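Single-structure report; data block below.
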Amino acid sequence: MRSRARRTIVLLGAASTLAASPVRAQSCSSASTLLASLPAWNAPLDRRVSLHARDISLRDALDRISADARIRLSYASEAVPLDSRVCAAFDSIPLGQALGLLLRGTPVSPIAAGGEHVVLTPSETPGSTEPEHVPRILDRVVVTGSAIEAPVRRLTVAMNVVTGAQLSRYAEGNLAQALSDLVPGLWVWQSAPTSLVAHYGSIRGTSSFGSSYPKIYVDGIELANPLLITQFTPEVVERIEVIRGPQGAALYGTDAISGVINIVTRHDGANGGPRALARSSVGAASSAFVPKSAITQDHALTIREGSGAQSGSMSFTSGGVGEYLPGAFVRHNTGNAGFRLVRSRVIATGTARIFASESADPSSPFFRDSVSAARAGLVIPQSVQEYTLGTSATLIQSERWTHAIVAGFDGSRLTNLADYHSPLPSASGPDLGLAGGNANLGTLRVSTIAKLGDAEKLATTLTFAGENSLLDFRSQPDTSSSLATSGGYVSHVVRRWTSAGVAQANVSWRDAAYLTSGLRVERNDALGSNRTVSVLPMVGAALLRDYGPLTVKLRSAYGSGIRPATTPIRETAWFNPSGQARTLNLAPEEQAGIETGLDIYVGKTFGAQVTRYDQLASGLIQRVGYAMAGSGYPQYPQSQPVAPEDRRIAYVLQNVGEITNRGWELRSELNLASLALSGTFSTVDSRVRKVASGYVGDLRVGDRMLEVPARTGSVSAAWIGGGWTSSVAASRSWDWIDYDRVALAGAFSNSSQADAELVGQELRNYWLKYSGVTRLRASLGRSLYRGVSMTLGGENLLNRQHGEPDNVTVVPGRTLSFGLRAVM
């Protein structure tokens, strides 16, 4: 090494320590100042280390220098702002000095604990003369929207982050409920626990009929069927990063027309904290449909070992809900494992997950007054298995060049899912429809990132990536329907190769003005016979200004996304979509639009985010019913009354036309010592703009999209202090239109009505306006003795069992639970 470099130390810590700077720019350029004197460090703090890094998390910086010094570093994660970003440049300096620079402004100091062990212990004074380190929300680093960690500060799109601590407040790690409460513009309907797939009501409006969903990743590994992620073990989650809208499609590609969710798991080892955590809770759920309360259970065991530089963890959870409807139950088991290995220039991680659930899904009790509900009371056995396996590696070639690779596999097996996506519930007719199938997805993604320029002036980050994936899905043949014998429903196998190239540029000026542009060129045979290549652009800009502790950010971004007609979700949850898609040559679904927003933050105390979005979705695919005469394709009209057992209403997939999705999103948070408050509010106007030629469904120009609430909102509060923890959350959706499914079931059973009166424009007679529904939950915890604590929880405290999203779905009533938690 150069002798001058050995004597030179330059470090700019987390950006929040530069609050006095008008633009808070960061620089890693070498300084020529020679330190007059250095303290004498005891072993192993006297070992020499080097680090050159821009805009990485403090966690990664600590792990890399501990790996370089070959020591074990322990600390309490609550005392160190691990997700704040740092910029460091030093060569061959004592480890103690390097830690002091990285940790300046934090209330911890490095202490040699003997041998190869260093502990970051609390100190009365910060680790340097700098002002106390209070990380700002915009100074954190995230990975969504970039191939590697990048500051939130530079994002030009609206992103929200849900932490593992926030997720832990929800029973069984209910991811769907947490996203609805904490992320504006995203609403997941409260489905029955026996339903094994998520049901999104709105993600900035609608991007499909009955199957709107974001693209979901776990540690960068794409999931084959994103509707299966309804819960996640809170103990293994570090954070969940959410981008809404098509702006993420330029990086993440096909199927990201609604947005992207990346679940980042924990790989922090013990780090002076717990090596094992066990929790167990048991509760009772009331119900108006059974004489006794249903038993609920949730149990988990998590074991961690190692330090941040080399760690491993594993977790197991088990739980379920008993009979809240006659014959209903659900049981699930989850296993997670992971490792992390850090060297001075390499960071490698591995993730494995397996999830299995089975349930008995009885027909709705509201069908029992219908004479023709011949299948009412029948209990449908369902099951799902999902497994994820993957690894990633980041190679830091130099301060400017970084390379990353992600390889992973995700698969799922679904059996006997009831078809909930048609206006007429399958359980109300003589042909009981079941769906299911297998989906497997393997992905390989390689990225190269170049950081150029001077952060104090003009800096550019260039990302080049290549991706290949193979998706294989096979539908479950429907053998229970009478149509199966005619060859109408058979198993279909679809294999889809996808190859893509990505180029993205992020330009910053004085760390106060940002420009992002990206382009993804993707080849995908599933897009249709007339189109195999898609070009997905994205461009965004942001202006940011600091006024002491106040940060104001103005941002705007445009993006475009696409989704093929055949997807694992349609293939495994609908009847015969691939055969229809091939026969009818369906166009892919597309969505493009712009968002504009304002963010205001005061340190880590207060944050507010306001976003206006305007998106146009085209080619959305709907299952349109028709009265079938004999077999084959639609024959109109058929107007003669038929007996219920002779009804033949079938479905065909059609592109509807164009849909506009417009609205506002608001989110705010306030942190006052032990009290944390947050709230969200969203409006959406999802409306038919144009109807495609030949469309025979029930929508007209100007109609609101079905199942999309006009407004959603939530408020939540959490308090920690004196050994007590407590939280309360309320959320509400207002004003949506859906079918009156009870009336439809009755009409289906009425022999005086013809099949033609239950399809097409006639279905408008069964539209029903739903005023809204409110959810309320709360929890209370108390520390008992040496790592043992107890928790009291309440879900659905208003005891509302139906009314969301229709008038036949039933959920458990008021649920009260008691749990114990032990840290060892």
Dipole magnitude of the range 289-373 about its Cα centre (Cβ charges: Lys, Arg +1; Asp, Glu -1), debye to nearest 20: 560 debye
Quick check: Cα centre of the range 748-824 to Cα centre of the range 131-200, how many Å? 22 Å
Treating the Cα atoms of the range 184-228 as identical point scatterers in vacuum, please give the log10 of the normalised Debye intensity I(q)/I(0) at q = 0.17, 0.29, 0.32 Å⁻¹, two decimals. -0.52, -1.11, -1.16
In Å, the Kirkwood estimate of hydrodynamic radius for the range 756-824 over Cα pairs equals 15.6 Å
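How many Å² of accessible area per residue for the range 781-824, probe 1.4 Å? Present the calculation step by step, with values, prior to reporting the outcome.
Details: 2270 Å² over 44 residues.
Result: 52 Å² per residue.
Arrange the residues GLU241, GLU762 by how much accessible surface each exposes, largest first, with a 1.4 angstrom probe. Don't skip to the end; give the middle numbers.
Numbers: GLU241 0, GLU762 75 Å².
Accessible-area ranking of GLU241, GLU762, largest first: GLU762, GLU241.
With a 1.4 Å probe and all protein chains in place, put ASP454, ASP472, ASP139 in order of accessible area, largest first.
ASP454, ASP472, ASP139
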Quick one: divide the alpha-carbon radius of gyration of the range 681-760 by 2.2 N^0.38 Å and tell me what you get. 1.81
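What Kirkwood radius, in Å to one decimal, follows from the Cα pairs of the range 132-217?
Details: mean 1/r = 0.0667 Å⁻¹.
Over the range 132-217, the inverse of the mean reciprocal pair distance is 15.0 Å.
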Determine the per residue accessible area of the range 648-735 with all protein chains present and a 1.4 angstrom probe, expressed in square angstrom. 42 Å²
GLN761 neighbourhood, Cβ < 15 Å, K/R = +1, D/E = -1, net charge -3
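Could you size up the charge dipole of the range 172-289 around its Cα centre, putting +1 on the beta carbon of Lys and Arg and -1 on that of Asp and Glu, and report it in debye to the nearest 20?
On the way: 7 positive and 9 negative charges, 25 e Å.
Using only the charged Cβ atoms, the result is roughly 120 debye.
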Expressed in square angstrom to the nearest 10, the accessible area of ASP614 with a 1.4 Å probe stands at 60 Å²
By average C-beta atoms within 10 angstrom, highest first, the peptides 304-316, 765-777, 275-287: 304-316, 275-287, 765-777
Based on the alpha carbons, how large is the Rg to Rh ratio for the range 112-259 when Rh follows Kirkwood? 1.07
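Which value, in Å to one decimal place, does the Kirkwood hydrodynamic radius take for the range 192-297 when every pair of different Cα atoms is included? Could you put the intermediate results ahead of the total?
Working: mean 1/r = 0.0601 Å⁻¹.
This gives a value of 16.6 Å.
Which number comes out as Rg/Rh for the range 636-772 once both Rg and the Kirkwood Rh are worked out on C-alpha atoms? Working shown, then result.
Numbers: Rg = 22.3 Å, Rh = 18.6 Å.
Rounded to two decimals, Rg/Rh equals 1.20.
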Dipole check, the range 635-792, charges on Cβ (K,R +1; D,E -1), about Cα centroid: among GLY723, GLY663, GLY713 the Cα furthest to the positive pole belongs to GLY723
Net charge of neighbours whose Cβ lies under 13 Å from the Cβ of GLY442, counting Lys and Arg as +1 and Asp and Glu as -1: -1
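Net charge around ALA165, counting only other residues with Cβ within less than 13 Å of its Cβ (Lys, Arg = +1; Asp, Glu = -1)?
With Lys, Arg at +1 and Asp, Glu at -1, the neighbours total -1.
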Using a 1.4 Å probe and ignoring any ligands, DNA or RNA, find the accessible area of TRP509 and quote it in Å² to the nearest 10. 130 Å²
With every protein chain left in place, what is the accessible area of LEU444 in Å² (1.4 Å probe, nearest 10)? 80 Å²
Percent RCO, i.e. relative contact order, over the range 243-299, from Cα pairs under 8 Å lying at least 6 residues apart: 21 percent
Classify the range 237-315 as rounded, prolate or oblate, taking a ≥ b ≥ c as the square roots of the eigenvalues of its Cα gyration tensor: rounded when a/c is under 1.5, otherwise prolate if a/b is larger than b/c and oblate if not. oblate
Cross-link reach list, lysines versus LYS604, counting only Cα pairs under 29 Å and skipping chain neighbours closer than eight places: LYS451, LYS457, LYS553
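Determine the relative contact order of the range 704-824: mean sequence separation of Cα pairs under 8 Å and six or more apart, normalised by residue count, in whole percent.
Across the range 704-824, relative contact order equals 23 percent.
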Percent relative contact order for the range 212-355, counting Cα pairs under 8 Å at least six residues apart, stands at 18 percent
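The values are calculated or read from the model by the stated rules, or taken from the named source; none is laboratory data. Quick caveat, the model's predicted, so the values are computed rather than measured. With ideal geometry, Cβ positions are generated from the backbone for all residues, glycine too; neighbour counts draw on all protein chains shown. Remember, those area values only see protein heavy atoms, side chains included, never the ligands or the DNA or RNA. Shrake-Rupley method; radii C 1.70, N 1.55, O 1.52, S 1.80 Å.
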